[in-house]
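This report refers to the structure that appears directly beneath it.
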Amino acid sequence: MISINEYKRKLIHVFNLLIPLSYLYVFPEKWQIIKVLTGFMVLSILIDIFRHKVGWIQSLFKYLFNDMLRSHEIDGKLTGATWVMIGAVITITLFSKPVAVIALIYMSLGDTAAGLIGQRFGKHKIGNKTWEGFFGGLIICIIIALNFPFLPLMVSLSGAITAMIMELIPIPLDDNFKIPLGSGAIMMMLSTPI
């Protein structure tokens with residue numbers, strides 16, 4: 001059974017869609033969205049640092065978020081939210097707008113689906129992930145790819161597969177970082193003429 005705190009965490013993860021949607025519709029220029037996200041990234045990093053050093057920030061953070069944190073996040077590492085900001089800034093900086101947008105959508109929706117489906121239906125483990133979660137996230141990413149008009153279908157499908165491979169393999173990096181960077185890199189390679 002999935003806890004209410006896990007649903008809250010995944011709901012916050014879905015709200016990460018605000019980043020690619022803002023890039024598409026609010027901040028059309030790369031420098032604009034990078035400027036805004038860099039501010040949020042610095043703020044997130046500072047909160048992560050000070051939540052371990054300043055008593056009142058630690059108390060407030062624990063009250064608001066402690067039940068949703070993973071054990072490694074409680075033990076002093078950066079939270080998933082901070083990794084979202086770092087991953088988004090780097091993804092948007094490195095990749096073309098269509099690639100960055102869809103890579104960040106894969107991170108938000110594909111990773112959320114993989115996590116929830118894997119926790120609810122996962123029986124076949126690969127490390128601490130499951131094949132059920134992998135295929136659940138992949139289906140969501142494929143649906144996104146089929147409905148994303150800004151890239152050739154083979155490019156966006158390759159990104160979808162790569163996003164879920166990045167989610168599955170046990171690279172010691174946060175999914176919110178490795179999914180958009182891994183899928184974005186593959187899509188950039190496939191969409192750049194030789």
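The values are calculated or read from the model by the stated rules, or taken from the named source; none is laboratory data. Please read these numbers as outputs of a predicted model, since none were measured by experiment. Positions of Cβ are generated from backbone atoms using ideal geometry, with glycine treated the same way; all protein chains shown enter the neighbour counts.
General remarks:
- Qualifying residue in the stretch 47-55 (condition: surrounded by fewer than 15 Cβ atoms within 10 Å (Cβ to Cβ), among the aliphatic types (A, V, I, L, M), modelled with pLDDT under 95 and out of contact with any strand residue (DSSP E or B) (no Cβ under 7 Å at 6 or more places or on another chain)): yes
- Of the helices (runs of 4 or more DSSP H) contained entirely in the stretch 81-171, those carrying at least 3 residues that are touching an Asp or Glu at 6+ places or on another chain (Cβ under 7 Å) and closer than 30 Å to residue 51 by Cβ fall at 111-121.
Condition check ((1) within 22 Å of residue 113 (Cα to Cα); (2) out of contact with any Gly (no Cβ under 8 Å at 6 or more places or on another chain); (3) at pLDDT below 95) across all residues:
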position	(1), (2), (3)
14	yes, yes, yes
35	no, yes, no
42	no, yes, no
69	yes, yes, yes
76	no, yes, yes
81	yes, yes, yes
89	no, yes, no
93	no, yes, no
100	yes, no, no
